[in-house]
1. Probe radius 1.4 Å, ligands and nucleic acids left out: which of Asp76, Asp99 has the largest accessible area, and how do the rest follow?
2. Return the loop-located GluC sites (Glu not before Pro) in the range 76-127 (DSSP other than H, G, I, E, B) with at most 13 other Cβ atoms within 10 Å of their own Cβ; answer none if there are none.
3. Using the heavy atoms of the protein chains alone and a 1.4 angstrom probe, what is the accessible area of the range 176-254 per residue in square angstrom?
4. Take the Cβ-Cβ distance between Lys199 and Tyr17 as r, set R0 to 56 Å, and report the resulting FRET efficiency rounded to the nearest 0.05.
5. Quick one: Debye curve from the alpha-carbon atoms of the range 1-87 only, equal weights, vacuum; give me log10 I(q)/I(0) at q = 0.23 Å⁻¹ to two decimals.
6. Can you pull the accessible area of Leu37 for me, 1.4 Å probe, Å² to the nearest 10?
7. So which residue, out of Arg148, Arg248, Arg225, gets the largest mean-square fluctuation from a GNM of the chain using Cα contacts under 10 Å as springs?
8. Tabulate in residue order the Karplus-calculated ³J(HN,Hα) for the range 59-65, using 6.51 cos²θ - 1.76 cosθ + 1.60 with θ = phi - 60°, rounded to whole Hz; enter x for Gly and Pro.
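The values are calculated or read from the model by the stated rules, or taken from the named source; none is laboratory data. Because the structure is a prediction, the values reported are computed rather than measured. Cβ atoms come from the backbone with ideal geometry, glycine included; neighbour counts cover every protein chain shown. In case anyone asks, the SASA skips ligands and DNA or RNA and just uses the protein heavy atoms, side chains included. Shrake-Rupley method; radii C 1.70, N 1.55, O 1.52, S 1.80 Å.
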Amino acid sequence: MDKLLEVKDLHVSFKTYGGEVKAVRGVNFNLYKGETLAIVGESGSGKSVTVKAIMRLIPNPPGKIVNGEILFDGKDLSKISELEMQHVRGKDISMIFQDPMTSLNPTIKVGKQIMEGLIKHQKLSKKDAYERALELMRLVGIAQPEVRLQQYPHQFSGGMRQRVVVAIALACNPKILIADEPTTALDVTIQAQILEMMKDLQDKIDTSIIFITHDLGVVANVADRVAVMYGGQIVEIGTVDEIFYDPRHPYTWGLLASMPSLDTDEQTELIAIPGTPPDLIHPPKGCPFAARNQFALAIDYEEEPPFFQISETHFAKTWMLHPDAPKIEAPESVKARVRVMPGNFEKPIQVEGL
């Protein structure tokens, strides 16, 4: 597959009164044409900071891209000027934020907000931009677009506002669409509608998506590949089948065990991950998950693990995969959750021992 985006050894820090918060620490991943990559993890794991660094939306000060490369279209986005980046944002890479109400200007009509990017990046006339805005409103499923374009954001429901935000993000047919927890502020019914709409739109406009979420149920429905983040690092990455049916990192086990399911037996207990995420002002020595990992080895407290390759597409950053490490299977709580996973996969992988 064609590689659209390559993130290499990305480090992002924030200067605070308490010290330097190392929010992202050595993140590496690729995004390929036409795929959806989901980035999952607890709050504070570095998901949103990673994608905001790609968009160069890290406020400086206090934030700063300390090291790394963000390679897109022959350029390193971490090194180009702000003026050059303005031609990338909205045109080649667009972003959908969590809360649609804060993403829209309450004093400007919705139509003008959609047309703004078309006029700036596509150099369309006002008439052509208006026609394109009508098309986009229809594309995202908003009825009576002629009327709706003349209205203000407060006249839309939460789900409709998010559809408008999606229309703005798609206005210039971006190569990459970044969705930062786009359904968090919506109820579950509207969430399902927005996710279904995004899947349909991806097929129609042939864009690649980076989807940020903490909801593994969402991941199962929308992603091709999944990157699991913890403590500012990616700790496991693989196809959606590999992450759900053959998880190898103990943190991924914890996330799966804590995921509720409608099919779960009443007696099946949801297991919380003990402890708290690491202090990223003083990152722990060794594996950042060691203090919360019941299977931690002595080396986990001394040396940071490398990535171990499980398959051509599956990698995990844990000493448990070292050839000399004791063989430990996923806990029964994880196996139980895998057995009742929603049937979102055409050919579920049968993993020995699970």
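1. Values: Asp76 25, Asp99 60 Å².
From most exposed to least exposed: Asp99, Asp76.
2. none
3. So the range 176-254 comes to 28 Å² accessible per residue, rounded to a whole number.
4. The computed FRET efficiency comes out at 0.80.
5. -1.23
6. Its heavy atoms expose roughly 0 Å² to the probe.
7. So, out of Arg148, Arg248, Arg225, the one fluctuating most is Arg148.
8. Ordered by residue, 3J(HN,Hα) equals x, 10, x, x, x, 7, 7 Hz.
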